[in-house]
Amino acid sequence: MPIPGPLLLALFLFLPFQTSYAQIRNQTSDFPWIPSENRTLVSNNSVFAAGFLPSRNSSGQFIFAVYYANISERTTIWSVNDDSPVNGTSSLSIAASGELRLGGIRFTGAPTSSGNASQTLSLSDDGDLSFGNWSSFRYPTNTIVPNQNITLTTLSVKKESFRFTGKELIFNGGYDEPVSYYSSNNEFLTLNELGMINLENGATFITADYGDRLLRRLKLDDDGNLRIYSFDPKLRQWSVVWQAMPELCKITGTCGPNLICMYGDTYNTTVCNCPPGFRQFPGSDECRRKTNVTKDSKFLQLDYVNFTGGSGPGNQVYFEASNFTRCEAGCLNDPKCVGFGYKYDGQRYCVLVRQLYYGLWSPSTEAAFFLRVDKSESDKTTFTGLTSVLETTCPVQVSLPLPPDESNSTARNIAIISTLFAAELISGVAFFWVFLKKYVKYRDMARTFGLEFLPAGGPKRFSYAELKTATNDFSSANVVGKGGFGDVYKGVLTDHRIVAVKCLKNVTGGDNEFWAEVTIIARMHHLNLVRLWGFCAEKGQRILVYEYVPNGSLDKFLFRSGKADYPNENGDVEGAKLLDRKPILDWGIRYRIALGVARAMAYLHEECLEWVLHCDIKPENILLGADFCPKISDFGLSKLRKKEDMVSYSRMRGTRGYMAPEWVKSDQITPKADVYSFGMVLLEIVTGVRNFDIQGSKMDSEEWYFPRWAFDKVYKEMNVEDILDNQIKGSYDSRLHEDMITRMVKTAIWCLQDRPEMRPSMGKVAKMIEGTVEIIEPKKPTIFFLGDD
């Protein structure tokens, strides 16, 4: 079949060193084969080609590889000698023993044409290069293509510094023994053209663009990350649609000893910096101490920094320390200790580190690292947290004069005192009058120079200019969320931390009142609450700075419809909007999300010194971290709203479909309103559908009620499988999942009782999901104005 003109032109542009072009279909038996012959072996479908390519790193050198034939950007999927290019006189030939060799380089697996087998090199439509009984698919280099078996294969890069074994990513260039930095629960089997990875035991996961039949490849990149690429035929470029490690700094070996891996302008780039007390030698990556540590040493606190210390024996020593002082003393008493990690969580976590290996900076680091330096070291730490308290007071020494000698002139003394008092009173009134006249001017000057009062123990105060720069002037391209409280922008601070910036709407009240409320929210620390890092209060703006949660909200993972049918706070259904495709959550992750949200709500209702009622629990306000850890957002914001927007009888709060009946009946609002909303979300986690989507029922739409439908399926028909999410219904195993899912459904039905006093507290809800309390059969949920049938 003749080659199309555009393809032939693309190949000429792709191989500029060739002056002529010879294409061989599917197979060749013409040996030896040298680079100057300009021959290319092409598969029958014209997708793949095999032949000599110029080396990227060595001029006048060549590699023999299999690559995509119709893509202008050189993309190889297999090569013999990528790390050892040959010169133009070397050839691909068959030795006397029947082995296929490139110069002096022997193919992995020793391809041999023995016996009566034809000495033919062939290339299949899948990209498999074969010679006799030998196949390149059985000996991959760093890439896997669709329909290639991944089982029992190993991918490697950088002379096997990084390896993928089909289940684990391993770093071999360490300082002691290999280190595993990524592990899958199931071994990878195959990748298909639709974007699905098949795993052992029938498990699967999908890419971000699943469903489109495209050119795809699974590649172990030089940075040690495992990624899946798909080729966009319109843009004519490859795009990353899945990667094993979202945070590149968590790839072991990204930086050398004593160095700390940090992120560049985005999470896709990294930089290696020396810690305080160290310096980097010019022209090298080596980082050494400025001053050797003596017996007289001290510690510098490095927030968000972790040194794993390598995997060798004795590199890390764990022990329980009752307090920080004991942990610090343990390091001081160990001459090999170069620092220690400590968590301020009361769990007695303390680890002594003897080698500064595999250092990284990450906002998800829970422990603070204390680096041991010499007492004479003058460097200050540059790794500080966001909750440092600003000192705004100055010490003033006041001295009083000695009292005068006693005098009999009592009248004179009284006159002097009265005169001084009158002068002070007149002066005070005069100064106060001037202050009242120029109050606005003084207030604006204080805001301009940042002299406003900050409550002790509060979060960091950012300037409006800082946040404007971080969000690219609050560009619409950086908007990651919209809601009743305001718009949310993604931003990058000057120290490369990625944050979520929420610009509040309709916030009133004095500045001191606003700062006091912000301080209260900042003191609410829980694993499943979005962390508040700081705020801005100037130029009439009220802005909150939160940690950035990368995976977005829960609704993007649960509801797979093509249109966003979620009603906003005014009751309107927003127009069609294509949802981002997200991986499907398995039952274990859904259970952990439900339990995490329940514990966070119990914390807000029962454990905080400041009582907090959320009033708007829904999947859109539940964010998922990189490890799918749930985090509740928008908690406590009702304290910052106008008084008429607070919880009252005249104005309802929340979102239609998740509001408790007492909002409609104008009853007193209690924490049980949040319990009802959580129950509706819990049912949606199990079913994977919105609570207002009618599911196979003969009942009229105005009488259909989501909780009652679930109750009938579980308690009347005794078939919990009928309500499970169809997307993962096939992975349901009654032996593994029945008890867990039944607890979730029964707990949800208890939460959805019409009367608030019938619903359990959030603390008991968490225990019901855990399985630590017995769940009796609940009453059938009803719509309060319809009753039961």
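Values in this text are rule-based calculations from the coordinates and carry no lab data. Everything quoted here is computed from the prediction, not taken from an experiment. Here the Cβ is made from the backbone with ideal geometry for all residues, glycine too, and neighbour counts use every protein chain on show.
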Vicinal HN-Hα couplings computed from phi for the range 683-691 (Karplus, 6.51 cos²θ - 1.76 cosθ + 1.60; Hz; Gly/Pro x) = 5, 5, 5, 6, 8, x, 9, 5, 5
For Ile694, list long-range residues whose amide hydrogen, built 1.01 Å from N in the peptide plane, is under 5 Å from its own amide hydrogen.
-> none
Can you sort Val492, Val240 so the residue with the fewest Cβ neighbours within 10 Å comes first?
-> Val240, Val492
Treat each spin label as a single point 7 Å out from the Cα along the C-beta direction, and report the Tyr318 to Ala516 distance in nm.
-> 4.5 nm
So what is the relative contact order of the range 62-133, in percent, for Cα pairs below 8 Å that sit 6 or more residues apart?
-> 20 percent
The residues Ile589, Ile426, sorted from fewest to most surrounding Cβ atoms within 10 Å, come out as Ile426, Ile589
May I ask for the distance between the Cα centers of the range 319-366 and the range 730-789, given as a whole number of Å?
-> 43 Å
Most exposed first by the Cβ proxy, i.e. fewest other Cβ within 10 Å, how do His614, His496 rank?
-> His496, His614
Please give the length that would be gained between Glu160 and Ser284 if that part of the chain were fully extended, namely 0.36 nm times their separation in residues minus their C-alpha to C-alpha distance (nm, one decimal).
-> 42.4 nm
Which GluC sites (Glu not before Pro) does the range 666-757 hold that lie in a coil by DSSP with at most 11 other beta carbons within 10 Å?
-> Glu702, Glu703, Glu717
Efficiency by 1/(1 + (r/R0)^6): what FRET value for Arg138 and Gln541, r their Cβ-Cβ distance, R0 = 41 Å, to the nearest 0.05?
-> 0.10
Under the Karplus relation with 6.51, -1.76 and 1.60 and θ = phi - 60°, whole-Hz ³J(HN,Hα) for the range 143-150, x at Gly and Pro, equal 9, 10, 10, x, 6, 8, 6, 8
For Trp433 and Ser239, calculate 0.36 nm times their separation in residues minus their Cα-Cα distance, and state this gained length in nm to one decimal.
-> 63.1 nm
Calculated FRET efficiency for the pair Arg755/Glu717, C-beta based, R₀ 22 Å, to 0.05 = 0.30
Near the amide H of Ser297, under 5 Å away, which other amide H atoms are found, from residues 5 or more places off or on another chain, if H is placed in the peptide plane?
-> Lys375
Just subtract the alpha-carbon distance of Ile776 and Ser734 from 0.36 nm times their residue separation and send over the number in nm, one decimal.
-> 13.1 nm
What is the calculated FRET efficiency for Ile783 to Thr410, with r their C-beta to C-beta distance and R₀ = 60 Å, to the nearest 0.05?
-> 0.10
Can you pull the one-decimal nm distance between simple spin-label points at Ser183 and Lys295, each 7 Å off the Cα toward Cβ?
-> 4.3 nm
